[in-house]
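Derivation of every value follows stated rules applied to the coordinates shown; laboratory data play no part. Predicted, not measured: the structure shown is a model, and the values here were computed from it. We place every Cβ from the backbone using ideal geometry, glycine too, and count neighbours over all the protein chains shown.
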Amino acid sequence: MVQGVGEGATNGSNRTERGVDSVMLAKYYRAFKHDLDRRGIIFSFSGYLSEGILYSLGEALRQKMTLEETNVNTVKKVFSVFVEQAQNIIRYSAEKVAGESDHPIELSSGMVTIGTENDRFFIVCGNVVRAADEPKLRQRLELLRGMDKDAIKAYYKEQLREEPDEHSRGATIGLIEIARRASIPIEFDFDPIDGESFFFCMKVCI
Amino acid sequence: MAMENFKIAATERSPEVNFDFDGCRLSLRGESYPEDASTVFGPLFSALERFLATIGEREFVVEFDLTYFNSSSAKALMNMLKLLDHAARDGARISVSWLFAPDDDTMKEFGEDFSEDLEHVAFNLVAVEPAA
């Protein structure tokens, strides 16, 4: 999203070996900020996500929506989709750093972007997934895309009763929760990076 | 044999749990969205199993006063409710109250969804105005 936007990024002569020319600093980041604003983005996080970051971003999101007197049920839906998407990144991103075994901390890299467009909130997540995980994820999302509200609700209840799938760490029900809160069918896409990985992206509108 | 009461303070992402064995009451209050729900619900589940084995003729009152939970917590809540329903089927007197704010459609719907799977516990959906 950052690349190719604004003068600073497109014009190579504005950049030094180390990055942005200090003379161009404000212009460069103003263009970056302007691009985010133009896309209706409330906030966008890219980098290593942890449970603590999830909590803080979630609080900021709820405060922002509450201050703007957003309907309480809309706030809950947006927050819920945000939490499930962020926790999917924490669980499944193929880009991870794990701590020592006695420090059960795990940081996973990904992106979460929240904004508004056409009078709707949107929540987008993006992260790298292993190629081996792509077919199953695609299949789950396509299944959900083909379902109407009632079918999604019935599927949620069915999965709630199921014994946990050892390998999924709860992903199935998390994706159903996301689909359930969406106002229009979820959008998703996979962009191949190399033979071993894809950049996975999902957009949910509320 | 007296059992120790089981209390867990709320954290940023997990509910307050108050399990009063002598008073025969259990309540969960707040929000629940830990990435791994078993860290919160695992110990509670064990305490619940131990307690249900000793319940006898007493009435057990369980109150869920939750404002938000993630999908892995939903699964854990379902398992707890199943455990309670099985105990009630086997003769325990159990009443479950599911509290929700009147304008909170999501929590109301969850209460309705959960109640459909319960055959033996007395289940009450209770709309509660939040304290001013």
Practice task
Write out the trypsin sites (Lys or Arg not before Pro) in the stretch B:1-60 meeting two conditions: DSSP loop, and at most 15 other Cβ atoms within 10 Å of their Cβ.
Solution key: B:Arg58
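Out of every Cα-Cα pair in the stretch A:44-205, what percent are more than 23 Å apart?
The answer is 39 percent, as a whole percent.
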Practice task
Pairs of Cα atoms under 8 Å, at least six residues apart: use those to get the relative contact order of chain B, whole percent.
Solution key: 20 percent
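Kindly provide the helix-only [θ] at 222 nm of the protein assembly as shown, computed as the sum of -39,500 (n - 2.57) over DSSP H runs of four or more divided by all residues, to the nearest 500 deg cm²/dmol?
So the helix-based figure for the protein assembly as shown works out to -13000 deg cm²/dmol.
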Completion exercise
Per the charge dipole of the protein assembly as shown (beta-carbon charges, Lys/Arg positive, Asp/Glu negative, Cα centre), the residue among A:Val204, B:Ser73, B:Ala53 reaching farthest to the positive end is A:Val204
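Let me spell out the model: positive unit charges on the Cβ of Lys and Arg, negative unit charges on the Cβ of Asp and Glu, origin at the Cα centre of the stretch B:84-132. What dipole size does that give, in debye rounded to 20?
360 debye
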Practice task
Show which aspartates and glutamates lie in cross-link reach of A:Lys157 when reach means a straight Cα distance below 18 angstrom and same-chain residues fewer than eight apart are skipped.
Solution key: A:Glu84, A:Asp148, A:Asp165, A:Glu177, B:Asp85, B:Asp105, B:Glu109, B:Glu112, B:Asp113, B:Glu116, B:Asp117, B:Glu119
Fill in the blank from the handout: Expected vector for the stretch B:11-16, Karplus 3J(HN,Hα) from phi with 6.51, -1.76, 1.60 and θ = phi - 60°, integer Hz, x for Gly and Pro, equals 10, 4, 10, 9, x, 6
Fill in the blank from the handout: For chain B, the convex hull over Cα atoms projects on average to an area in nm² of 7.9 nm²
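Given the pairs A:Lys96/A:Lys153; A:Lys64/A:Lys96; A:Lys64/B:Lys7; B:Lys75/B:Lys108; A:Lys64/B:Lys75, which span a C-alpha to C-alpha distance of over 22 angstrom in this model?
Check vs 22 Å cut-off fails for A:Lys96/A:Lys153; A:Lys64/A:Lys96; A:Lys64/B:Lys7; A:Lys64/B:Lys75.
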Fill in the blank from the handout: Kirkwood radius from Cα pairs of the protein assembly as shown plugged into Stokes-Einstein at 4 °C, 1.567 mPa s, gives D in µm²/s equal to 59 µm²/s
